[in-house]
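S.K.: Please see the structure below; I have some questions.
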Amino acid sequence: MRAVMIVVPGLAEQPLAALGGRTPLDTAVHPALDALATRGRLGTVDLAAPGASPGAVTGLPALLGFDAALLDLKRGPLEAIGLGVALGPDDLALRLNFVSTCEGTLADTRAGHVSDREAALLLETLRAPDVLPAGWQLVAGAGYRHLLVIPGGAALDLHTVPPHAVLGQPLAAHLPSGRDSMPLRGFLESAFARLRAHEVNRVRLDLGENPADAVWAWGEGTRQELPALCPQFAGGMAVVAAAPLVRGLALQAGLPAPRLLGATADERSDLAAKAAAARALLAMHPWVVVHAAAVNEASRSGDAKRKVAQIERVDRELVGPLLEWQQEQPAERRLAVVSDHSTSVETRGRGDGPVPFALHGAGIDGVRERRFTEDAARAADLQFERATALLDWFTRPSSRAAHA
């Protein structure tokens, strides 16, 4: 058997007044997702990790079969691996966002999608000796996403807050805390003083764009080993993703995660290229996970119609082609679509609660016509409290008859 799991972060959320009381998923036209829901099984899964520390990476590891609460995975070191940075055992890695401020509050966690070229100029300014503490390293990622490495920082008493938890609030009230936090606080404050006067930001303001006038460090962690891949994925898995976090998780787990030209982990990402890469990898691996961040990025824009458009694009350029792949050999192939977390357009932050999924193919068949929506998923009979139950359904070779 061959199978693909498409992970779409931020896919689901609550009804929005801007869409007449409907969700973006309910508003969007998505025939491929609807076909998957009709031909297969629909439901929800709770990917929460009770006991995990704030800022821990939980949803996606759970879908790969890891106990995210037990591992307590942190974003910084995973993104370092995804960017090709070899951390020493005592190094501390943090994600570094360019952000926009307004009268002392955090106004935009993505700095208006600052470009790679602009980010390179701003990072160079931050590497000045009077801004960046000696020995610290800034590693360029893409757009607003970058990395800060503090050599020998593993023993530091340091605690940060994710930027989406600070959105609309005073930055000064959420600066890094802990006994050893002052150097990092000083770096962030020096960066703000240098960035707000930078020519790049003067131009952005003249063009009516949000400035990248501050940086925010978060997701601190050290290098961490992962256990063996879960038994459900025996035979080998590969991952198609552009986000450094996801590629880092895959590489740390020993999974192939090739770089793709045009895959950008944002709304510009080449989804057709991801679908083609998945098909190519399936010639060598029985399991392939495809991660598509476009819908989540649109959610963080605060624009409901923009999110609707990205759901429709994911359906057309990614789900549709892979559903066609599944239908070429329906008795030997499976396809799943699931979200690893919800994201609200209104708050531009993550939501809580179970997320919808659909499974189809090779013994997982449906019996009724229905749409892929939050309400339909909640009304279906498959309501899983843990990801392991979903993985059991998706990977078990035995045939299952549908009754919902």
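S.K.: Quick one: which residues, 5 or more positions from SER269 or on another chain, have an amide H under 5 Å from its amide H? H modelled 1.01 Å from N in the peptide plane, none for Pro or chain starts.
M.R.: Those qualifying (amide H under 5 Å, at least 5 residues apart or on another chain) are THR264.
S.K.: Relative contact order for region 82-221 using alpha-carbon pairs under 8 Å, separation at least 6, rounded to a whole percent?
M.R.: Working: 256 pairs, mean separation 50.9, N = 140.
Across region 82-221, relative contact order equals 36 percent.
S.K.: Follow-up. Specify, per residue and in Å³, the volume enclosed by the convex hull of the alpha carbon atoms belonging to region 249-404.
M.R.: Working: hull volume 21.0 nm³, N = 156.
Considering the Cα atoms of region 249-404, their hull volume per residue is 135 Å³.
S.K.: Let me ask something else. Would you tally the net charge around PRO151, using a Cβ to Cβ cut-off of less than 12 Å, leaving PRO151 out, and scoring K and R as +1, D and E as -1?
M.R.: Numbers: positive: none; negative: ASP90, ASP91.
After counting each charged neighbour, the total is -2.
S.K.: Quick check on the chain: helices-only [θ] at 222 nm, where DSSP H runs of length 4 and up contribute -39,500 (n - 2.57) each and the sum goes over total residues. Nearest 500, please.
M.R.: Values: 15 runs with 124 residues, N = 404.
So the helix-based figure for the chain works out to -8500 deg cm²/dmol.
S.K.: Got the relative contact order for the chain handy, in percent, Cα pairs under 8 Å and 6 or more residues apart?
M.R.: Averaging sequence separation for qualifying contacts and normalising by length gives 31 percent for the chain.
S.K.: What number comes out for the charge environment of ASP180, summing +1 per Lys or Arg and -1 per Asp or Glu over other residues with Cβ under 13 Å away?
M.R.: Values: positive: ARG179, ARG185; negative: ASP157, GLU220.
Result for the neighbourhood of ASP180: 0.
S.K.: Right, next: Tally Lys/Arg at +1 and Asp/Glu at -1 over every other residue whose Cβ is under 11 Å from the Cβ of ARG110; what's the total?
M.R.: Numbers: positive: ARG145, ARG300, ARG348; negative: ASP108, ASP266, GLU267, GLU297.
Here the count lands on -1.
S.K.: So what are the ³J(HN,Hα) numbers for region 128-135, from phi and the Karplus equation (6.51, -1.76, 1.60; θ = phi - 60°), rounded to whole Hz, Gly and Pro as x?
M.R.: Listing the rounded values in order: 4, x, 8, 10, 8, x, 4, x Hz.
S.K.: Which of LEU138, LEU188, LEU261 moves most in a GNM of the chain, Cα contacts under 10 Å?
M.R.: Taking springs between Cα atoms under 10 Å, the residue moving most is LEU261.
S.K.: Which far-off residues, 5 or more places away or on another chain, put their amide H under 5 Å from the one on LEU147, with H placed in the peptide plane?
M.R.: Sorted by chain and number, the residues that satisfy this are LEU96, VAL139, GLY141.
S.K.: Just report the Cα centroid separation between region 369-394 and region 318-355, whole Å.
M.R.: 11
S.K.: Relative contact order of region 252-404, please, whole-number percent, based on alpha carbon pairs below 8 angstrom and at least 6 residues apart. The partial results should precede the final answer.
M.R.: Details: 163 pairs, mean separation 25.8, N = 153.
That works out to 17 percent.
S.K.: A follow-up question, please. Hey, could you grab the Kirkwood Rh for region 82-221? Inverse mean 1/r over distinct alpha carbon pairs, Å, one decimal. Don't jump to the answer; show the numbers that get you there.
M.R.: Numbers: mean 1/r = 0.0666 Å⁻¹.
Averaging 1/r across every pair of different Cα atoms and inverting gives 15.0 Å.
S.K.: Listing MET5, MET182 from the residue with the fewest other Cβ atoms within 10 Å to the one with the most, what is the order? Let's see the in-between values first.
M.R.: Values: MET5 27, MET182 12.
Placing the least packed residue first, the sequence is MET182, MET5.
S.K.: Could you run the Debye sum over the Cα atoms of region 150-219, one equal point scatterer each and no solvent, and tell me log10 of I(q)/I(0) at q = 0.17, 0.18 Å⁻¹, two decimals?
M.R.: Values, matching the q order: -0.71, -0.77.
S.K.: Right, another one. Take the chain, mark every one of the GluC sites (Glu not before Pro) that falls in a DSSP loop and has at most 10 other Cβ within 10 Å, then report the longest stretch left between them, sites excluded.
M.R.: Numbers: sites that count: GLU103, GLU225, GLU369.
Longest run free of exposed loop sites: 226-368.
S.K.: Which number comes out as Rg/Rh for the chain once both Rg and the Kirkwood Rh are worked out on C-alpha atoms?
M.R.: Working: Rg = 21.1 Å, Rh = 21.7 Å.
That ratio equals 0.97.
S.K.: Moving on. Report the trypsin sites (Lys or Arg not before Pro) located in region 62-127 that are in a DSSP loop and have at most 12 other Cβ atoms inside 10 Å of their Cβ, or state none.
M.R.: Values: sites: LYS74, ARG75, ARG95, ARG110, ARG117, ARG127; in loops: ARG110, ARG127.
Counting only loop positions with at most 12 other Cβ atoms within 10 Å, the trypsin sites (Lys or Arg not before Pro) in region 62-127 are ARG127.
Every number here is computed from the coordinates shown, using simple stated rules; none is lab data. As the structure is a computational prediction, the values presented were derived from the model and not from experiment. Using ideal geometry, Cβ is built from the backbone for each residue, glycine included, and neighbour counts are taken over all protein chains shown.
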